[in-house]
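Reading through the structure tokens given below for one structure.
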């Protein structure tokens, strides 16, 4: 598994939990599929920069912050 | 255009030029298409984390370094 994708997934899950959003609500906000986001959060899904930009915008952070 | 993709593209072009690689040689190393890489370098191509990992590995840097 990709270390980078695993780290990004953990960060996204943490951000989502801090907002107390269900994964379904998070998927609705992103207009995407909750099982896809589940895989992203588990680091099991390759993801694009444009998708990460949407996620970063939702949390009012920069894309690079998802890598830390 | 995506600010993040534009920054990533500039960084990749800089790294490639520092190695004095043609874009064709760079594409061969990545086993991909040179016109695709041209669009990536111009920030006109959405790109995935796994693709960025391959590029970062080629330059022996971390993916996050492509965002700075």
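Where a number appears in this text, it was derived from the coordinates with a stated rule and is not lab data. Since the model is a prediction, treat every value here as computed from it, not as a measurement. Methodologically, a virtual Cβ is constructed for each residue, glycine included, from the backbone with ideal geometry; neighbour enumeration extends over all protein chains shown.
Output the residue which, of all residues in the range A:7-66 that are in contact with a strand residue (DSSP E or B) (Cβ under 7 Å, 6 or more places away or on another chain) and in contact (Cβ under 8 Å) with a residue 12 or more places away in the chain, is surrounded by the most Cβ atoms within 10 Å (Cβ to Cβ). Quick ask: steps written out before the conclusion?
Here is the first cut: in the range A:7-66, the ones in contact with a strand residue (DSSP E or B) (Cβ under 7 Å, 6 or more places away or on another chain) are A:46-48.
Filter once more, so that each one left must be in contact (Cβ under 8 Å) with a residue 12 or more places away in the chain: A:46-47.
Details: A:46: 15, A:47: 23.
Here the answer is A:47.
With respect to residue A:54, is the statement that it is closer than 19 Å to residue B:64 by Cα, within 14 Å of chain B (Cβ to nearest Cβ) and more than 11 Å from the chain's Cα centre (by Cα) true?
The answer is no for residue A:54.
Anything in the range B:39-68 that is part of a loop (DSSP other than H, G, I, E, B) and more than 21 Å from residue B:24 (Cβ to Cβ)? List them, or say none.
Across the range B:39-68, the qualifying residues are B:46, B:60, B:61, B:62, B:68.
Only one of (1) more than 14 Å from chain A (Cβ to nearest Cβ); (2) out of contact with any helix residue (DSSP H, G or I) (no Cβ under 7 Å at 6 or more places or on another chain) fails for residue B:13. Which number is that?
Going through (1) more than 14 Å from chain A (Cβ to nearest Cβ); (2) out of contact with any helix residue (DSSP H, G or I) (no Cβ under 7 Å at 6 or more places or on another chain) one by one, residue B:13 breaks only (2).
Is it fair to say residue A:2 is within 14 Å of chain B (Cβ to nearest Cβ) and either exposed (fewer than 13 other Cβ atoms within 10 Å of the Cβ) or more than 25 Å from residue B:1 (Cα to Cα) (or both)? Please lay out each step first, then the result.
Details: within 14 Å of chain B (Cβ to nearest Cβ): yes; either exposed (fewer than 13 other Cβ atoms within 10 Å of the Cβ) or more than 25 Å from residue B:1 (Cα to Cα) (or both): yes.
Criteria met by residue A:2.
Search the range A:36-51 for residues being touching a helix residue (DSSP H, G or I) at 6+ places or on another chain (Cβ under 6 Å) and within 11 Å of chain B (Cβ to nearest Cβ), and hand back the single one that is nearest to residue A:3 (Cα to Cα).
A:43
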